[in-house]
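Before any comments, here is the structure.
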Amino acid sequence: LHQVGKALTEPFGLVWCALLERMKPKPKAADDRLWRLSRYLDGCFLILLAQGFAHLHETPSGARMICLVKEKVALLLGTFKSCDEAFLVACPFFLKNLKSVLKWWAILLHAHPLAFAQANVAEVLHTSIEVLQICANARFDPCHQQVLEGLARSSLQALTHSFGTVAFRLGPQPAHQGVALESATVCHSQFADFLRSHGGVAALCELCCAVALQLSADDLQAWLADPEDQLQGPSCQTELHTAGEGLVRALGQQPAEQALVEHVAQRLAQEAAQPPAVHDAFAMVARRDTLLQLLSLCQPVLKKHLQFPQLSCLLEPVANLVQQSNGQATASVLLPVRLCTVLKAWAADLPANALLPVLLLLVGFLHESSHRAVRLAAVSPLRALWERFSDNEAWSEATGPLINGCLALLSSLRLPEVQWRCLNLVHLFLSEEAQSGRYEATDRTLQQLLSLWRRPEGGELLICHALLDVFRALVLMSCLSKQPSLPLSPPLLQCCLAVVSDCFANHKLPSSNGSSAGSASHVEAALEADVTAAVGHLGERGSASATMFDSGSLLLLAILRTVDASQAGPILGLFPRLLGLYGELPPTALHESALDILLELCILCVTVAPGAAELRPHLDASMRLCSRCLQSESKGRNCELSFQMLQVLVAQADGKTGLGHLQDLLTELFTRWLTTSNLQTNGHSEYPLHSMLQLFCTWHARHGTNFCQHVASLAPSASHAAKTLLSCYRLVRPVTLRASLLSSTLSLAESDA
């Protein structure tokens, strides 16, 4: 590319210079065709200069070419300052030419800063200041607003690049030699002259704020009508605003850092002396807004000189604005929103003792009486504060109100990404609250969450998964390990079962022959009011995904592990339906939580009716499912869960009527274990050794006589079986299992005596 640039620049430069000389005498007399040609030639020539040379300042004609481009910029800018609206209408390519030249002029300054020594850096940057001043006092038709913003953006970028050039700010560096050293020395002096002649850093910062950071009344009103697209405030995502932010950050570099800090501190003192009011004029609100933006943008520089308590003079007056506005869409709403941006920027350097006042401030911002823009903005600093102070005790006082505020905010949101951000924060708080708190969602809140879940346009998987996370966190508040435990509220149980019902109804499972299970009754499933009915019509709505079904299964599992026995009635109806469904599937087709759910249902049946009246009708079906899982070639986690289910079934089997079909399975398992006992004592086993021994010990504990009789008939003698059991003693560590093994061994030995 550099070789192409060197080859083309000279011949192309002659053509470009010829056009420049032709246009110099009377640029306004040129017609639009000439401006079109000028635009194309200027663009090509500047691209060659910017990208066609590695070091333009080392090229003999490099400085001269920069001076020629400077003349063209001056020609265009002079024409722009003196032209009228009629000229702009007649020659639309003039503004396009000016915009393109200023854009590449800034790029050229960034690519080859040392080549500007002969052109005089002070004069070059003065041109950028002129453009910004013209844009700040624009007298042109509003239809040219986009072009003016492009001119301002390029000028801001030129100034940013100049402050980002080390040689301009700090002078020659050790790596500079020869021509580079001479150019760096000259450019540094010229840059210093530019700063002195334009009022220093403070004046540049004010001009940047006026052009790029200060809002117009129209932008503010448009944002107030729909703040959801711009959570951090209006115009934050425009290219002009981004360019202004870049310049402010560039001003914070040495040796200008101290001057910027003093300027911001002076403005802070001025604003603190005049607290804001709800009905302040727009111009005053807009100026205060730029100060808040500076406090956020300059935080890396300010934190070395200003402490957060010095900024706290803004907190109370702005918080009062939220209360006084009472949710009305006044211009002053902008200030609390910007304050949230400041809090986010300063979160990492916030003193620990200031956390609680800030959290209480954000609780007020999230209150339902606040304007929606303020409530939306409060979400952002909360996440930053959580990452910095997650273990601070101040959260215990604020977490509950913050959760309520975020959940109440959800009902007014329409964009999925904003909904997700809010739900994610709620889940974060709930997960922490579950460790020590006792938060309980109200019926109204649950209905709002359920409405969001079933909102037609809310079919976004991202939102559905976030809601499932929130529901699981709410259910875990009732974890039985907490003392005293918080009962699972009936509204929460009903809401979660409805969500699980939807997850089940919208999923299609593989059948025993590998095809998709389900039927035309999936519509019926979606209309069912409870999960028990819906699970019988596991449907095949094409928009559902396996991950959604898995997430719903995890929610159901959480419910089963926390629900009270008195609330189990609607859930126990799941047992026969799930057994029938899973019994038709091959073991490899069972989803990850299938046997976990069945195991918890078995335990719930026993809890509801200690005499196992609820469980006995399902013993055979449960046993057959476990048997098929144990016979599967895959001996994974389902194998271990099958042993746990069998252990519950054996423990609850009626000793008077016998073990029934369980007897055959137990006999088969014991025979397999007995014939491979040598492998097992060496640590090798077809099945998990601990799980299998626990099953045998349960068999002995609940049906001792039956155990001894059948084991004795399977082994050469009861003593042989006792010795084989005892040989596994050294392979197990749990004390209860060791004690059960010894008891089983003694019983076998005594029966052989």
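The values are calculated or read from the model by the stated rules, or taken from the named source; none is laboratory data. What you see is a predicted model; the values in this text were computed from it and never measured. Note: ideal-geometry Cβ built from the backbone for every residue, glycine included; neighbour counts use all protein chains shown. Accessible surface areas use protein heavy atoms only, side chains included; no ligands, DNA or RNA. Shrake-Rupley method; radii C 1.70, N 1.55, O 1.52, S 1.80 Å.
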Response to the item:
Within region 302-313, the residues that are in a helix (DSSP H, G or I) and open to solvent by less than 20 Å² (accessible area, probe 1.4 Å) are Leu302, Phe308, Leu311
Worksheet item: Is it the case that some residue within region 295-308 is more than 24 Å from Ala203 (Cα to Cα) and not small (Gly, Ala, Ser)?
Response: yes
Item to complete: Taking only region 692-730 into account, find how many residues are of a type in the set (A, V, I, L, M, F, W, C) and surrounded by fewer than 19 Cβ atoms within 10 Å (Cβ to Cβ).
Response: 4
Worksheet item: Are any of the residues in region 227-245 in contact with a Lys or Arg (Cβ under 7 Å, 6 or more places away or on another chain) and closer than 22 Å to Gly171 by Cα?
Response: no
Practice prompt. Out of the residues in region 391-426 that are not hydrophobic (A, V, I, L, M, F, W, C) and not in a helix (DSSP H, G or I), state the one that is most open to solvent (accessible area, probe 1.4 Å).
Written response: Glu393
Worksheet item: Residues of region 693-730 being within 51 Å of the chain's Cα centre (by Cα), modelled with pLDDT under 90 and within 22 Å of Leu630 (Cα to Cα), which ones?
Response: Cys728
Worksheet item: What do you reckon, is Phe45 under 24 Å from Phe116 (Cβ atoms), among the hydrophobic types (A, V, I, L, M, F, W, C) and in contact with a Cys (Cβ under 7 Å, 6 or more places away or on another chain)?
Response: no
Worksheet, complete the sentence: When region 662-682 is checked residue by residue, the ones that are touching a helix residue (DSSP H, G or I) at 6+ places or on another chain (Cβ under 7 Å), open to solvent by 20 Å² or more (accessible area, probe 1.4 Å) and either modelled with pLDDT of 75 or more or not in a helix (DSSP H, G or I) (or both) are Thr667, Thr671, Leu674
Practice prompt. Please tell me if Arg388 is open to solvent by 10 Å² or more (accessible area, probe 1.4 Å), assigned to a helix (DSSP H, G or I) and in contact with a Phe, Trp or Tyr (Cβ under 8 Å, 6 or more places away or on another chain).
Written response: no
Discussion item. Restricting to region 557-577, count the residues that are over 35 Å from the mean Cα position of the chain (by Cα), of a type in the set (Gly, Ala, Ser) and open to solvent by 10 Å² or more (accessible area, probe 1.4 Å).
Written reply: 4
Fill in: Total residues in region 175-191, condition within 44 Å of the chain's Cα centre (by Cα) and free of Cβ contacts under 8 Å to residues at least 12 places away in the same chain
1
Worksheet item: Could you count how many residues in region 339-360 are open to solvent by 10 Å² or more (accessible area, probe 1.4 Å) and either over 18 Å from Glu387 (Cβ atoms) or without any contact (Cβ under 8 Å) to a residue 24 or more places away in the chain (or both)?
Response: 3
Worksheet item: Filtering region 159-215 down to residues that are of a type in the set (Asp, Glu) and within 23 Å of Trp105 (Cα to Cα), which residue is most open to solvent (accessible area, probe 1.4 Å)?
Response: Glu182
Discussion item. Which of the helices (runs of 4 or more DSSP H) found entirely inside region 57-144 contain at least 3 residues meeting this: farther than 24 Å from Glu206 by Cα and modelled with pLDDT under 95?
Written reply: 62-82, 85-90, 92-111
Worksheet entry | Residue list for region 361-384, filter: open to solvent by 50 Å² or more (accessible area, probe 1.4 Å) and assigned to a helix (DSSP H, G or I) | Arg372, Arg383
